[in-house]
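Since the structure comes first, as structure tokens, the remarks are kept for the end.
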Amino acid sequence: MTADRAPDGASDRVTGRATGRAIDGAIGRTPGRMPERSRAAPRGAALAAEGRLPPERVALVDLLDRLLAGGVVVSGDLVLSIADIDLVRISLRALIMSVRGSETTDGGDWDEPPLR
Amino acid sequence: MTDTGVYLYAVTGEAGRTGPVDLTGVAGTPVRVITRADLVAYVSTVPLDRFGEEPLRHSLEDLDWVEETARAHHRVVEALSETAPTAPVRLATVYSGEEQVRDLLDRRRDDFLVVFSQIAGRREWGVKAYAGAGQDAPPPADASADETLPEAESPGRAYLKRRQASLRGREERWREAAARAEHVHETLAAVAAASRLHRPQDPQLSGRPEWMVLNGAYLIEEGNEGEFAAVLDTLRGQGLDLQLTGPWAPYSFITVDFGATETETRDDR
């Protein structure tokens, strides 16, 4: 057998599903969002409806993209500083460890994404 | 007696906001306001045995804790952003006391006002693009071996050739997908007041086996959301699977870094 990576279809899809389950399971507890704003234009409302499907579930990974790399950074003002902690690295490591721990396939042979 | 800190969720621009807040924050703590002129900081008191610097390092390795805290933080920000220009603060920002927060509001008032002017009446939308079905992964090296293996070559040499061809094909698809993603991003960015690229999510985190080739955030005027939706529709069916998230509080567009020493450029182009 010369394949240098896991046979594609099956194991990758299994990985995807397993991952989805793990993440989904973590998402399920999301509190409901506020009702849509009524002043949104019809097209905007459709946009909101699509973006919010399912409305009360925000993927943790999407949330962490924003909470760990966005927002006001007040490191210079902090008495109690956590500015020197690499939040992204630490938390994503926790995420990955958690996902991997729930799988039997390794799923580790992913290429680098093209955009950085 | 446990030492406590003041956890800061967000700062909003609301004149005359006082009184109790019906919100629960991280670790189940009640949220309250600290008001200075037309700025309002939303905070809660947290125990430093969980939110002090050293405990935080450990807590951040605990996915359940991270999720619980992130969602609680997000819940507060979401509720606020429904009613006022809201500048979310980075997760797990803890002050030693209220006085430090008041000081922040006093000294950084102008900076916050600039932030509010940038985000007022605008909402953030996320668009993630995945390379489409059939491109979800490079072909296995032996996929077509049976029909194409040149008889005259040694197995080792044939393998190397297949491997090279496979890598070339993979690179080619990468380039195509990246070019499409770039086009999607530029087209959406043209409709947006601002845009930002987050790093593509690892397939293990996205829950999707396909390559994520775009993880963009777009700040859209509420009046332009229809146009944004229409443009997004025109970009579908062109080889990438586009997934929309939002609306979000404008997390990705708070560009002010009040820490003078470091700049967050990791996710920017």
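Please note which helices (runs of 4 or more DSSP H) are completely contained in region B:154-250 and include at least 2 residues that are in contact (Cβ under 8 Å) with a residue 60 or more places away in the chain and more than 7 Å from chain A (Cβ to nearest Cβ).
Working: elements: B:155-191, B:203-206, B:225-235.
Qualifying helices (runs of 4 or more DSSP H): B:155-191.
Quick check, is residue B:33 aliphatic (A, V, I, L, M), within 22 Å of residue B:113 (Cβ to Cβ) and in contact with a Lys or Arg (Cβ under 8 Å, 6 or more places away or on another chain)?
Details: aliphatic (A, V, I, L, M): yes; within 22 Å of residue B:113 (Cβ to Cβ): yes; in contact with a Lys or Arg (Cβ under 8 Å, 6 or more places away or on another chain): yes.
For residue B:33, the condition - aliphatic (A, V, I, L, M), within 22 Å of residue B:113 (Cβ to Cβ) and in contact with a Lys or Arg (Cβ under 8 Å, 6 or more places away or on another chain) - is met.
Just to verify a result, which residue in region B:77-123, among those that are of a type in the set (Asp, Glu) and within 8 Å of chain A (Cβ to nearest Cβ), is nearest to residue B:199 (Cα to Cα)? Before the answer, list the steps.
Step one: filter region B:77-123 for residues of a type in the set (Asp, Glu), giving B:78, B:82, B:98-99, B:103, B:106, B:110-111.
Next, only the ones that are within 8 Å of chain A (Cβ to nearest Cβ) stay: B:78, B:82, B:103.
Values: B:78: 23, B:82: 27, B:103: 34 Å.
Among those that are of a type in the set (Asp, Glu) and within 8 Å of chain A (Cβ to nearest Cβ), it is B:78.
Scan region B:6-19 and give yes if some residue there is among the charged types (D, E, K, R) and out of contact with any strand residue (DSSP E or B) (no Cβ under 8 Å at 6 or more places or on another chain), otherwise no.
Filtering region B:6-19 down to residues among the charged types (D, E, K, R) leaves B:14, B:17.
From the residues that got through so far, the ones that are out of contact with any strand residue (DSSP E or B) (no Cβ under 8 Å at 6 or more places or on another chain) too are none.
No, that holds for no residue.
Name the single residue that is nearest to residue A:74 (Cα to Cα) among those in region B:90-124 being touching a helix residue (DSSP H, G or I) at 6+ places or on another chain (Cβ under 8 Å) and among the charged types (D, E, K, R). Give the steps one after another, and end with the answer.
Going through region B:90-124, the residues touching a helix residue (DSSP H, G or I) at 6+ places or on another chain (Cβ under 8 Å) turn out to be B:90-92, B:94-95, B:100, B:103-105, B:107-108, B:112, B:118-119, B:121-124.
Those still in the list that are among the charged types (D, E, K, R) too: B:90, B:103, B:107-108, B:122-124.
Details: B:90: 8, B:103: 12, B:107: 12, B:108: 10, B:122: 23, B:123: 22, B:124: 22 Å.
Across region B:90-124, the extreme among qualifying residues is B:90.
Each reported figure results from applying straightforward, stated rules to the coordinates on display, with no laboratory input. Since the model is a prediction, treat every value here as computed from it, not as a measurement. Every residue, glycine as well, gets a Cβ built from its backbone with ideal geometry; the counts of neighbours run over all protein chains shown.
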